[in-house]
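Here is the structure we will look at.
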Amino acid sequence: AASRVSKEQEVDSKDAIILHQFSRPNNGVPSLSPFCLKMETYLRMADLPYQNYFDGKLSPQGKMPWIEYNHKKVSGTEFIIDFLEEKLGVNLNKNLGPHERAVSRAVTKMVEEHFYWTLAYCQWVENLHETRKMISVCGPFSDLLKWILCHLTKGIVKREMYGHGIGRFSEEEIYALMEKDMRSLAGLLGDKKYIMGPKLSTVDATVFGHLAQAMWTLPGTRPERLIKGELINLAMYCERIRRKFWPEWHHDDDNTLYESEESSEASKTHSPLQDFSFYSRTETFDEEGTENSISHTPDTDYTGHSLFDSDVDMDDCRDQEQCK
């Protein structure tokens, strides 16, 4: 049985978690940013009510996503999670021993410092045409804005990737590295329910945030073929998490291919991601509860940064040659 609770909160109300992130794309996926999706999924996994701000405003450190809590600003998903654990006493890793915690951190860093860049290349360089279609920009100049934003972002991504080092490899080499990371994740998951075993932990928010991009935002690409083909255990894992923590998120090609023991008729009713202001829904699940709060405010930042992910620093892209 699901109970619905609407929690109206003022912007500056005490103890409200305000999550700043990029606007929702228009294909039903909550975010094209692995880090934004990680952060929002974590909040749902930890059953923390929150308010979404899609204002495109970067943190003072030039990062996205970031949170405000009782007027304190925190950016960088790792620091945000540390902060919330300290302030609110949540801990998704309480079932993990020292070895498992160490493995968790190693996996997180592989995903965020390596796999992430191969995804960014696929989304913003190789598959830019499809990515552009998913961006939500409204108004009379929306098509032009999309084009400018995408190409500006492409320049930023290529520059950042070159600085990281991974951008110095060929396309084929980048995809080979991506495939190795995906195979490592599939091997680590095996036939378990979650990455570290039968219970959720923080690393699942990270892995899901990234794999969801391959699963739902990269049609016709090698990572999509891999996750829906040979590495089907990763697809089933993504579906499990999506159905449990994102009941309102459905996809055009929903079918029974990834059905698991948790699937229910209720999960097959289609409804778009809602644009309620400060909406919070609590549902009862077998292990962990989730609290979902979805809100929408206009995306006002059209600087070109507003589409780029993540926990990496975003320098201003003012040099023309970088933005071609």
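Read-outs throughout are calculated quantities, based only on the coordinates presented, and are distinct from any laboratory measurement. Keep in mind that this is a model prediction, so the values were computed, not measured. Glycine gets a Cβ as well: all are built from the backbone with ideal geometry, and neighbour counts include every protein chain shown.
What per residue convex hull volume, in Å³, do the alpha-carbon atoms of region 92-231 yield?
Normalising the Cα hull of region 92-231 by residue number yields 120 Å³.
Relative contact order (percent) for region 95-210, with alpha-carbon contacts under 8 angstrom and 6 or more residues of separation?
35 percent
Which entries of Lys158/Lys180; Lys73/Lys94; Lys63/Lys199; Lys193/Lys244; Lys133/Lys154; Lys94/Lys180 show an alpha-carbon separation above 23 angstrom in the structure shown?
Lys73/Lys94; Lys63/Lys199; Lys94/Lys180
Would you kindly derive the ³J(HN,Hα) couplings of region 99-107 from the backbone phi angles with the Karplus curve 6.51 cos²θ - 1.76 cosθ + 1.60 (θ = phi - 60°), listing them in order in whole Hz, with x for Gly and Pro?
Here the 3J(HN,Hα) series is 5, 5, 5, 5, 4, 4, 5, 4, 5 Hz.
Report the Stokes-Einstein translational diffusion coefficient (µm² s⁻¹, integer) for region 85-158, Rh taken as the Kirkwood radius over Cα pairs, at 37 °C with viscosity 0.692 mPa s.
So the translational diffusion coefficient is about 213 µm²/s.
Sort 116-129, 31-44 by packing, meaning the average of other beta carbons within 10 Å per residue, with the highest value first.
31-44, 116-129
If you plug each phi of region 207-220 into the Karplus form 6.51 cos²θ - 1.76 cosθ + 1.60 with θ = phi - 60°, what whole-Hz ³J(HN,Hα) values come out, in order, with x for Gly and Pro?
Working through the residues one at a time gives 5, 5, x, 8, 5, 4, 5, 5, 6, 10, 10, 10, x, x Hz.
When the distances between all Cα atoms of region 29-146 are binned every 5 Å from zero, what whole-number percent does each bin get?
2, 9, 15, 20, 19, 16, 10, 6, 2, 1, 0
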